[in-house]
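The values are calculated or read from the model by the stated rules, or taken from the named source; none is laboratory data. Owing to the predicted nature of the structure, the values given are computational and were not obtained by experimental measurement. Because the Cβ atoms are built from the backbone with ideal geometry, glycine has one as well, and the counts that use them run over all protein chains shown. In case anyone asks, the SASA skips ligands and DNA or RNA and just uses the protein heavy atoms, side chains included. Shrake-Rupley method; radii C 1.70, N 1.55, O 1.52, S 1.80 Å.
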Amino acid sequence: MRFINLTRKTEIGANSYYVELAGRKLVLDAGLHPKGEGEGALPNYRLLPDREVDAILVSHAHQDHVGSLPVLMRRQPQARVFMTSPTAALSEVMLHNSVNVMLRQREELGLAIYPLFTHRETDEMVQAWQNVGLRQWWNLDGERVPESEPGLTFEMYHSGHILGSAGIMLRSEGRKIFYTGDVNFLDQTLMRQAEFPEEPLDVLIIESTRGDRELAPGFSRHREEERFLDGILQAFERGGSVLVPVFALGKTQEVLTMLFEYRTRGLLKRTPIYIGGLSTKVTTIHDQLATASTRQHVGLQLLETLTPYVLSGREVETTRVHQQHLYVLSSGMMSEKTLSNLLAARFLPDPKQSIFFVGYADPDSPGGKLKASRQDGAVKLNGQLPEQRVACDVQEFDFSAHAPREELLAYIKRTTPKTVVMVHGDTSSVSWFEREILRELPGTRVVIPLPGEAYDL
């Protein structure tokens, strides 16, 4: 087996990995870097000769895993593309939104290379995707095969991260290679925990997102949800409102489900909720797939039950900030000119208001800088504004859709892989895993793949 890390740095970025196995060539994921620009936001596809890849397997629909898929498909038009049906529906929405963002950046930043792909290309390429179900064996020619199939096959397992997300098992010549993609071994409010294989593995390619921090002692999702509710109620008692910066895909639907539970239990009155347009499109797909067995609250229609208002970019800077309202707005990192960024600028100077972070924010992003700021400190949210004093209440809650490092290490120990390949993590994260794996499983080879280097596993 030959493995090449197509990312440009050891980090959480544009995830994409080349695997050559049993004479077949495939790529796992095709992401776009959330902080990069132009070709620098892409994986290094120049490492692969054009028109040589047999298949592209997509784990889930977040931009850092699917955002450059049209570019890769343009270079590898013969490759079959496989994903679960929820991932296909969500990826189509996210890629079209990416085109809109790139068109805006072309004008604002003068990036002539944008858009990297068009709406028309996206529509055409979506037709070539092949949807596959969980726990089914497939070959790279797109045929479902029996479990006794001797050739190279793949099987997808629910990963507990977002709707449609999957880990991918490759089997060939008696060997088992498992790619986790992004995984969560703990139940979330909406998504059920991962259901992964626990048999011995030859190679495990595993994410390491949270390797740089330990799980808080005594942590439980239930207690964190209760703390979130208490924060909302305290903000309302002050006569304020709450801004929750979220990712449109995944985190929005998790927060809406929490609000549904609070209302159902009589703990939160029917206060107005605002979401953005992209979040509305993504939540519509969640509602269409409400009977998916990987969900909690099977059948719950979030939009119909909660009836959130849709807030546009044109309205966010001028709309009145009411008392006791909930603004569940993207982006989760409060990137410049997004809904959460624009509204946060109005929340910061007002001590009655609250901003609650419920997910990851890159330290260099506006959201990351606000997280790191102290009460009465100062932060600059975007280039159009001066630094602002932080007078509002800022809190952080652990509703991560990624497994804590303790759970990832436990999974590694259960599957006793001969080789572990650490991906999707900053240097400090992968280094922690390397130390712990070598201590717990001294016979296991640990590979931290340098970008562009080829490894024989």
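See the values below:
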item	result
Cβ-based charge dipole, the chain, positive-most Cα from 33, 190, 311	311
Surface per residue (accessible, 1.4 Å probe) for the chain, Å²	41 Å²
Of all accessible heavy-atom area on the stretch 367-457, the percent that carbon and sulfur account for (1.4 Å)	47 percent
Surface share of carbon and sulfur [accessible, 1.4 angstrom probe, percent] for the stretch 85-184	46 percent
Given charges at Cβ of Lys, Arg, Asp, Glu: the chain dipole, positive-most of 349, 424, 69	349
Chain lengthening between residue 149 and residue 391 when straightened (0.36 nm per residue, less Cα-Cα)	80.8 nm
Computed [θ] at 222 nm, deg cm²/dmol, the chain (DSSP H ≥ 4; -39,500 (n - 2.57); rounded to nearest 500)	-9000 deg cm²/dmol
Ranked packing of 185-197, 99-111, most packed first, by mean Cβ within 10 Å	185-197, 99-111
Residue among 96, 111, 153 farthest towards the positive dipole end of the stretch 82-163, charges placed on Cβ	111
Net dipole in debye of the chain [+1 Lys, Arg Cβ; -1 Asp, Glu Cβ; about Cα centre; nearest 20]	600 debye
Carbon plus sulfur fraction of accessible area for the stretch 257-317, probe 1.4 Å, in percent	52 percent
Spatially proximal lysines relative to residue 418 (Cα-Cα < 27 Å; intrachain offsets below 8 disregarded)	9, 25, 176
